[in-house]
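The values are calculated or read from the model by the stated rules, or taken from the named source; none is laboratory data. Source: prediction; values computed, not measured. Reconstructed Cβ throughout: ideal geometry from the backbone, glycine too, with neighbour counts over all protein chains shown.
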Amino acid sequence: MKKVKIIDYINKVAPFDKRVSGDNIGELIKGKDNIRRVMICLDISKEAIAFASSSKVDLIVTHHPVIYNPLFRIDDDVILAAIRNKIGIISAHTNYDAARLNDVLAEKCEVSVIGNIFLEDGIYLGRIGNTAKISFYDYLDKIKTNLKVDTVKITGKIPHDVEKVAIGTGSSSSFIEEIKYLDVDVFITGEIKYDNLKSLAFEKPAVIELGHYESEECFIDDLSNLLSKRFPKLDVITYKKRISIYI
């Protein structure tokens, strides 16, 4: 299959021009033009490249860009490994956050989306919605089960019940002032920097931090399913590797 067809489809699902300024997305390492096997992952690492190489992958689609800052020389082991193995890399980051990922996380948290929040550079990077009324701790157990996480971090005033929920995948530190005034019971995100988070201590809403990776891991299955349905003859595999261990 021609790589351009895959790129065009991803662009249709999550337009590359709908991104936060400075986000380096799209085709970052060229690789081959004819693709038989694609791997979907969240991050690029030496281990991910090794797995892709041993699995005879032609193209990797990752959420976080493998190249973010300008390169003045190529001395990064991960980039060099991809080039040596002739593996192309595409990134779908804030464009995918805006187009799909927040909605996917909301669905996993059993939230019916009613609106968008966190407007930046013309795109919305968060969602707000409702869930069936449930006690806070029962709701916490439910999302931990749905997202397969054992532990989460909670900051703020814990409500007795949960009905109104806001969602923001990945890091929500830059939206701290908006979070303070959200009319919701809980705000679910990946992470917030401590200096930002401490202003929410003992205040509403309660903030549930899943972990950055854990809040965005659903990208992998979502895009894998989309590509498999759109291109039935394309071999699509996934690579998942959580980097934190909670004890």
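None of Thr151, Thr155 is in contact with a Leu (Cβ under 6 Å, 6 or more places away or on another chain) and either over 30 Å from Ser54 (Cα atoms) or touching a residue at least 24 places away in the same chain (Cβ under 8 Å) (or both) except Thr155.
Across the stretch 30-46, the qualifying residues are those that are among the β-branched types (Val, Ile, Thr) and in a loop (DSSP other than H, G, I, E, B), and the one among them that is modelled with the lowest pLDDT is Ile44. The set of residues in the stretch 160-185 being acidic (Asp, Glu) and in a loop (DSSP other than H, G, I, E, B) consists of Asp183, Asp185. Reported count of residues in the stretch 8-54, each being among the aliphatic types (A, V, I, L, M) and surrounded by fewer than 18 Cβ atoms within 10 Å (Cβ to Cβ), is 3.
The strands (runs of 3 or more DSSP E) falling completely within the stretch 47-158 that include 2 or more residues that are of a type outside the set (Val, Ile, Thr) and within 14 Å of Ile29 (Cα to Cα) map to 88-91. Note on the stretch 191-247: enclosed helices (runs of 4 or more DSSP H) holding 2 or more residues that are within 20 Å of Ala92 (Cα to Cα), outside the structural domain of Val162 (by TED's automatic domain parsing) and of a type in the set (Gly, Ala, Ser) are 218-230. Scanning the stretch 176-195 for residues that are crowded, with 17+ Cβ neighbours inside 10 Å and over 15 Å from Gly126 (Cβ atoms) returns a single hit, Asp185. The requirement of being surrounded by 13 or more Cβ atoms within 10 Å (Cβ to Cβ) and either acidic (Asp, Glu) or touching a residue at least 40 places away in the same chain (Cβ under 8 Å) (or both) is satisfied by Glu209.
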